[in-house]
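The values are calculated or read from the model by the stated rules, or taken from the named source; none is laboratory data. Keep in mind it's a predicted model, so treat the numbers as computed, not measured. Positions of Cβ are backbone-derived with ideal geometry, glycine not excepted, and every protein chain shown enters the neighbour counts.
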Amino acid sequence: MTIRLPMSNGETYDIAPQKIICLGLNYYEHIKESAEEDSERFKDEIPPEPILFPKTPNTLVGPEQPIVIPAFLDNYGFRTCRTDYEGELAVIVGRGGKHISEDDAYDHILGYTCFNDVSQRNFQKHDKSGWFRGKSLDTFGPIGPRIVLHEEIGDPQKLDIQTRLNGEIVQKANTALMIFSIRQTIAFISKQFTLEVGDLIVTGTPQGVGPLSPGDVVEVEIEKIGVLKNPVEKG
C-alpha cells in the first residue's frame, strides 16, 4: 500500500514502509486509563522499556479516506464490539541504520506526520497471539495530511496533539509527555531491527481513547503539521 503525501518543501513523498513499528503505553495518563479499564492486562506502572508492536501496510489510508469497521465483526456476538481511535505522531525514517545512538537519532529522520492507530479492542484483548490482528485490519492506519521535514519542525518533543470526534475534543496532550522520547525510541528499536528508509515509527497515544461508530468523523491534529481527517464506515 502506497500513500502519496505532500511535503513541507513542496515535493511529494510516497509512504510505502517495509515496517510500521508502534509504541504502546507511551503516555502515563493513557497507562492509567488502560489499567482502570482492564486491570487484568494492564498495570498502572511505567514500563521499563518501550513496548513495541507492528501494524501492517494494508492498514494505511490517506486523508479523507474512510476507516472501515468490518461487517464480519457482527458475527462474533461481542457484548460490546469496540473499535477505537488513537491519535499519534508518526516519524518517517529518512536514513536507515542499526544500533543508532540517541545522539544520532535525529539524523535518521526525514520528517513527521499525523497517524491514527485504529484498534479493534475485542481482538486486541482476546487474541492469544497478542495485538497483531486488532491493530492490522484494512484501513486501520490513517496517515497525513502532510510530512513536515525534521529540520522544519523544531523540537518534536514540544508539539500539541489533539483528537476530535465529530468536532468534540477527545484527546489533548503534548509530545513532551511521552515516557520514551523519539531519540530513545529510535535507539531502542534500531537495536532490535535494522531501520530502513521509509519505515514508520508511531510514537504512542495520549489519554482519551474511545470508540468509533459508522457515520463518525475523526480528526487528529498535531501542531505545525495539520489535521488528518477521516470518516468512519461499515463494510
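The table for this structure:
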read-out	value
Residue that is modelled with pLDDT of 95 or more and polar (S, T, N, Q), where the choices are S129, S190	S190
Candidate set from region 122-142 (those that are touching a residue at least 40 places away in the same chain (Cβ under 8 Å) and more than 26 Å from I109 (Cα to Cα)); member that is surrounded by the most Cβ atoms within 10 Å (Cβ to Cβ)	L137
Out of E49, E88, sole residue that is among the charged types (D, E, K, R), closer than 24 Å to L195 by Cα and in contact with a strand residue (DSSP E or B) (Cβ under 6 Å, 6 or more places away or on another chain)	E88
Residue within region 143-151 that is free of Cβ contacts under 8 Å to residues at least 60 places away in the same chain and surrounded by 15 or more Cβ atoms within 10 Å (Cβ to Cβ) present	yes
Residue in region 60-67 that is among the polar types (S, T, N, Q), surrounded by 18 or more Cβ atoms within 10 Å (Cβ to Cβ) and in contact with a strand residue (DSSP E or B) (Cβ under 8 Å, 6 or more places away or on another chain) present	no
Residue within region 217-225 that is modelled with pLDDT of 95 or more, more than 26 Å from I109 (Cβ to Cβ) and not β-branched (V, I, T) present	no
Extreme residue, surrounded by the fewest Cβ atoms within 10 Å (Cβ to Cβ), among residues of region 1-55 that are of a type in the set (S, T, Y) and either at pLDDT 95 or above or on the phi > 0 side of the Ramachandran plot (or both)	T12
Hey, I100 within 26 Å of I225 (Cβ to Cβ) and touching a Leu at 6+ places or on another chain (Cβ under 6 Å) or not	no
Qualifying residue in region 56-64 (condition: over 14 Å from the mean Cα position of the chain (by Cα) and among the acidic types (D, E))	yes
Qualifying residue in region 98-106 (condition: among the hydrophobic types (A, V, I, L, M, F, W, C) and closer than 23 Å to N174 by Cα)	yes
